[in-house]
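The values are calculated or read from the model by the stated rules, or taken from the named source; none is laboratory data. Here the structure is a predicted model, which means the values were calculated and not measured. Ideal geometry is used to build each Cβ from the backbone, glycine not excepted, and the neighbour counts take in all protein chains shown.
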Amino acid sequence: MEEKREGFGSRIGFILAAAGSAVGLGNIWRFPYLAAKYGGGIFLLTYLILVVTFGFSLMVTEISLGRKTGKSVIGAYKDADGRFGFLGPVASLVPFIITPYYCVIGGWVIKYLVTFASGQGTLATDDGYFGGFISELPGPSAYFLIFAFLTAAVVIFGVEKGIENVSKVLMPILVILSVGIAVYTMTLPGSGAGVKYYLLPNLSGFTLSKFLKMIVAAMGQLFYSMSLAMGIMVTYGSYMRKQDSIEKSTRQISFFDTLIAIIAGLIIVPSVFIFSGGDEAALNAGPGLMFVTLPKVFDSMKGGPIVGCAFFVLVAFAALTSSVSLLETMVSIVTEKFGLKRFASTLVCLLIVFILGMLSVMGYSNLSSFTVFGYQILDFFDFISNNIMMPIVALLTCILIGHIVKPAYIEEETTLNGEKFRSKGLYEVMTKFVCPVFMIIILLTPFFVDL
Ligand code: PHE
């Protein structure tokens with residue numbers, strides 16, 4: 001009764017889909033503000049080093065694990081070593097936690113897109129606009145449902161017809177939009193100071209503790225941005241063709257992901273800089289940056305309504321391809337575990353997304369006084385997945401590959417098409433020693449420094 005497993009039809013399709021997963025809200029909103037907060041060029045440099053060492057190794061591991069076993073994350077870990085079978089369910093819990101709230105934020109993006117596209121961008125410059133919108137039902141729940149349905153509409157068509165085809169259209173548009181907006185904002189008068197602030201290393205105020213915080217922040221960003229430690233790359237790897245190069249694909253996906261993050265910074269940092277008259281505090285607005293500060297920035301800019309609209313299209317596309325990868329990972333698990341057809345398991349997963357997502361939505365309205373360990377519901381989901389579960393999954397994955405089944409298990413898969421694994425030495429050192437140590441540091445840091 002085993003059906004033939006679906007898969008990507010081309011290498012470029014796989015790369016664009018995986019890059020689509022990686023490029024998301026994290027690149028556009030989170031990366032620029034972290035870079036601005038942690039010394040500009042210093043953060044960029046640290047991040048780049050982490051991408052080519054740590055991110056590279058973990059991504060090679062996950063993609064290979066998926067392709068080798070041809071299974072969802074649950075089956076993949078069990079196949080590698082029965083004793084580590086428990087890691088599959090732990091890793092698969094992460095997309096079940098993240099997808100619902102990611103769709104809630106996706107809904108906010110659609111709301112802003114509609115506002116700007118209908119020429120009402122000025123409304124969003126009001127300080128109470130964002131808070132008013134997320135706290136008044138049914139608005140946020142309706143936009144959440146729209147975004148979740150859009151995601152499901154792609155996943156229901158399957159890997160090649162749905163995900164691959166949609167990524168092939170959306171990703172090139174995303175690149176054009178981001179380059180276009182960045183070039184435009186960099187030509188605005190006064191943007192030079194912002195570009196300098198963003199790209200040049202700025203050591204002032206750097207203490208040892210700030211340096212450590214920066215490294216931990218860069219590591220956390222790397223995980224999230226490259227969609228690691230949550231079964232996504234295992235799932236997409238399981239759909240990858242055997243003749244394609246894992247090493248080359250990993251480099252291209254990481255390059256794509258990092259490039260879009262850097263370009264997003266070139267849009268956001270200079271424009272916020274001009275708007276705030278060089279006030280660095282404006283860049284530290286955290287989560288409010290995208291929904292509260294940026295609309296004001298666009299409003300003050302020549303051609304702002306068009307730039308604002310283009311910007312939210314960009315964010316919506318980036319968020320959609322990411323949520324597609326999350327939902328696909330859930331669907332692959334449900335399909336394999338319960339032997340359901342794609343259509344049925346997509347509906348089951350959508351139902352789970354509705355239920356948990358509505359909790360996050362209500363966390364800002366009816367349930368706003370309800371907190372879990374002091375966190376609002378959405379923030380709580382974000383915290384346990386990013387700060388606890390993902391580092392644990394990454395740590396145990398490195399131990400499994402580095403010390404139990406040994407790196408040869410992965411290396412075999414990377415050389416399947418007859419090509420050499422060029423970064424074998426780096427890969428082994430990272431997987432066996434450096435990554436596990438870093439993961440332990442990430443897990444322990446919050447206990448010692450106030451992040
Ligand atoms: N990598 C995505 C980003 O940078 C976020 C994401 C997280 C996507 C989890 C899928 C799963 O925004």
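Given the criteria at pLDDT 90 or above, under 25 Å from Leu44 (Cα atoms), within 16 Å of the ligand (Cβ to nearest atom) and within 22 Å of the chain's Cα centre (by Cα), does Leu150 qualify? I'd like the intermediate steps shown before the answer.
Details: at pLDDT 90 or above: yes; under 25 Å from Leu44 (Cα atoms): no; within 16 Å of the ligand (Cβ to nearest atom): yes; within 22 Å of the chain's Cα centre (by Cα): yes.
It is false that Leu150 is at pLDDT 90 or above, under 25 Å from Leu44 (Cα atoms), within 16 Å of the ligand (Cβ to nearest atom) and within 22 Å of the chain's Cα centre (by Cα).
Would you be able to say whether some residue in region 201-213 is modelled with pLDDT of 90 or more and among the hydrophobic types (A, V, I, L, M, F, W, C)?
No, region 201-213 has no match at all.
Pairs needed: first member in region 19-48, over 23 Å from Thr250 (Cβ atoms) and without any contact (Cβ under 8 Å) to a residue 40 or more places away in the chain; second member anywhere, of a type in the set (Gly, Ala, Ser) and more than 8 Å from the ligand (Cβ to nearest atom); C-beta distance under 6 Å; at least 6 residues apart or different chains.
Sorted first by the residue in region 19-48, then by its partner, the list stays empty.
So Ser72 clears everything in (1) within 14 Å of the ligand (Cβ to nearest atom); (2) at pLDDT below 95; (3) among the small types (Gly, Ala, Ser); (4) closer than 22 Å to Ile333 by Cβ except one condition, right? Which one?
(1)
Can you give me the ranges of the helices (runs of 4 or more DSSP H) entirely in region 83-158 with at least 3 residues that are within 19 Å of Val348 (Cα to Cα) and among the hydrophobic types (A, V, I, L, M, F, W, C)? So that I can check it myself, show each step before the final result.
Working: elements: 87-117, 129-135, 139-155.
Those helices (runs of 4 or more DSSP H) span 87-117, 139-155.
Hand me the list of helices (runs of 4 or more DSSP H) wholly inside region 358-451 holding 1 or more residues that are among the basic types (Lys, Arg).
Numbers: elements: 377-383, 390-399, 408-414, 424-429, 435-448.
Once the helices (runs of 4 or more DSSP H) in region 358-451 are filtered for at least 1 residues that are among the basic types (Lys, Arg), what remains is 424-429.
Let me confirm something: among Ile28, Ile12, Ile49, which residue is crowded, with 22+ Cβ neighbours inside 10 Å, of a type in the set (A, V, I, L, M, F, W, C) and either within 15 Å of the ligand (Cβ to nearest atom) or over 14 Å from the mean Cα position of the chain (by Cα) (or both)?
Only one candidate passes the filter, namely Ile28.
Taking only region 364-377 into account, find how many residues are buried (at least 16 other Cβ atoms within 10 Å of the Cβ) and either modelled with pLDDT of 85 or more or closer than 25 Å to Ile440 by Cα (or both).
First, the residues of region 364-377 that are buried (at least 16 other Cβ atoms within 10 Å of the Cβ): 364, 376-377.
Checking which are either modelled with pLDDT of 85 or more or closer than 25 Å to Ile440 by Cα (or both) leaves us with 364.
Count: 1.
Condition check ((1) in a helix (DSSP H, G or I); (2) under 15 Å from the mean Cα position of the chain (by Cα)) across all residues:
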{"site": "Leu259", "(1), (2)": "yes, yes"}
{"site": "Ile268", "(1), (2)": "yes, no"}
{"site": "Phe275", "(1), (2)": "yes, no"}
{"site": "Leu289", "(1), (2)": "yes, no"}
{"site": "Pro295", "(1), (2)": "yes, no"}
{"site": "Lys302", "(1), (2)": "no, no"}
{"site": "Ala318", "(1), (2)": "yes, yes"}
{"site": "Glu328", "(1), (2)": "yes, yes"}
{"site": "Ile333", "(1), (2)": "yes, no"}
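Which members of region 31-42 meet the condition of being more than 16 Å from the ligand (Cβ to nearest atom) and either of a type in the set (Gly, Ala, Ser) or touching a strand residue (DSSP E or B) at 6+ places or on another chain (Cβ under 6 Å) (or both)? Give the derivation first.
Of the residues in region 31-42, the ones more than 16 Å from the ligand (Cβ to nearest atom) are 36-42.
Of everything in region 31-42, those that are more than 16 Å from the ligand (Cβ to nearest atom) and either of a type in the set (Gly, Ala, Ser) or touching a strand residue (DSSP E or B) at 6+ places or on another chain (Cβ under 6 Å) (or both) turn out to be Ala36, Gly39, Gly40, Gly41, Ile42.
Are any residues in region 34-46 surrounded by fewer than 24 Cβ atoms within 10 Å (Cβ to Cβ) and aromatic (Phe, Trp, Tyr), and if so, which ones? Step through it out loud before you land on a result.
Our first condition is that a residue be surrounded by fewer than 24 Cβ atoms within 10 Å (Cβ to Cβ); within region 34-46, this holds for 34, 37-42, 44-46.
Passing the criteria: only Tyr38.
Going residue by residue through region 265-279, is there one that turns out to be in contact with a Leu (Cβ under 6 Å, 6 or more places away or on another chain), within 18 Å of Tyr33 (Cβ to Cβ) and within 15 Å of the ligand (Cβ to nearest atom)?
no
From (1) of a type in the set (A, V, I, L, M, F, W, C); (2) in contact (Cβ under 8 Å) with a residue 24 or more places away in the chain; (3) farther than 25 Å from Met389 by Cα, pick out the condition that doesn't hold for Ile98.
Answer for Ile98: the failing condition is (3).
Considering Phe211, Phe206, which residue is surrounded by fewer than 20 Cβ atoms within 10 Å (Cβ to Cβ) and part of a loop (DSSP other than H, G, I, E, B)? Steps first, please.
Working: Phe211 fails: part of a loop (DSSP other than H, G, I, E, B).
Every option except Phe206 fails the conditions.
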